[in-house]
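What follows is a set of notes on a single structure, which appears directly below.
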Amino acid sequence: MNICVYGAASDTIDVRFKEAAYQLGKVIAESGNTLVFGAGTTGIMGACVRGVDDAGGRSIGIAPKFFDTPGVLHTLCTEMIFTETMRERKGLLEEKSDLFVMAPGGIGTLDEFFENITLRSLGKHEKKIVILNTDGFFDSLLAFLANGAEMGFIGKEVMEMCSVIREPEELKTFM
């Protein structure tokens, strides 16, 4: 199974988030699955792929050519795919993945998550979507979504299209 992980590229985040991402990578690899990710070498992305590498796993990095500068992309990806644009990158991340995990991240991570849940709600895919809520990072987002559903802005069925886990080990339930 190909598991796409969306997450922060920032290296200024607290180490506890990187450690959870590293463990997530190990869980993916030790379960015989392949990581599909944005190919970054820092932050959540870098920690996750290091976990995969350390566990002897496989990774597919997908990045636009303009990211191919020293220190930006992880050099040990099993497979690297370059695209022309970010939009093309997102399309390939979606196409090549069987399951999506949103780990803590910023606006890019949220963009990718919301596009996937929107496509699923429109019946364009049936792939599982999992939120890794490390240390309650997404608590306020989940409350916002629940409020939107309660007020009728978001279909209640949309809330059931994603699952929330707090620990990387819990991902095994969805594999």
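Just so you know, all these numbers are worked out from the coordinates, no wet-lab data involved. No experiment lies behind these values; they were computed from the predicted model shown. All Cβ positions, glycine included, derive from the backbone under ideal geometry; neighbour counts span all protein chains shown.
Amide H to amide H, with H built 1.01 Å from N, residue 131 comes under 5 Å of 102, 163, 164, 165, counting only residues 5 or more places away or on other chains.
Residues in the stretch 75-88 carry Karplus couplings, in order, of 8, 9, 4, 4, 9, 10, 10, 9, 10, 7, 10, 5, 4, 5 Hz; the curve used is 6.51 cos²θ - 1.76 cosθ + 1.60 with θ = phi - 60°, and Gly or Pro positions show x.
Amide H contacts under 5 Å for residue 10: 44, restricted to partners 5 or more places along the chain or on a different chain, H placed in the peptide plane at 1.01 Å from N.
Remark: 122, 76, 92 ranked as 122, 76, 92, counting other beta-carbon atoms within 10 Å and listing the fewest first.
For the stretch 53-59, backbone phi angles converted through the Karplus equation (6.51, -1.76, 1.60; θ = phi - 60°) give residue-by-residue couplings of 4, 5, 8, x, x, 10, 9 Hz, Gly and Pro being listed as x. With only Cα atoms counted, the stretch 52-124 has Rg and Dmax values of 13.3, 40 Å. Only Cα sites of the stretch 2-174 enter the Debye sum here, all with the same form factor; the resulting log10 I(q)/I(0) across q = 0.11, 0.14, 0.20 1/Å is -0.42, -0.68, -1.38, listed in q order. Loop by DSSP (not H, G, I, E, B), at most 11 other beta-carbon atoms within 10 Å: where is the longest site-free stretch of the chain for GluC sites (Glu not before Pro)? Counting only loop sites that pass the neighbour cut-off, the longest clear stretch is 1-83. With the simple model of a label 7 Å out from the Cα in the direction of the Cβ, residue 80 to residue 135 spans 3.1 nm.
For helix 139-150, report the angle its Cα long axis makes with the longest principal axis of the Cα atoms of the chain; keep it between 0 and 90° and round to the nearest 10°. With rounding to tens, the tilt is 40 degrees. By the helix-only formula, in which each DSSP H run with n ≥ 4 contributes -39500 (n - 2.57) and the sum is divided by residues, the chain has a 222 nm mean residue ellipticity of -12000 deg cm²/dmol.
Spatially, the stretch 12-78 and the stretch 125-157 are offset by 25 Å when compared through their Cα centroids.
The angle separating the long axis of helix 107-121 from the principal Cα axis of greatest extent in the chain is about 60 degrees.
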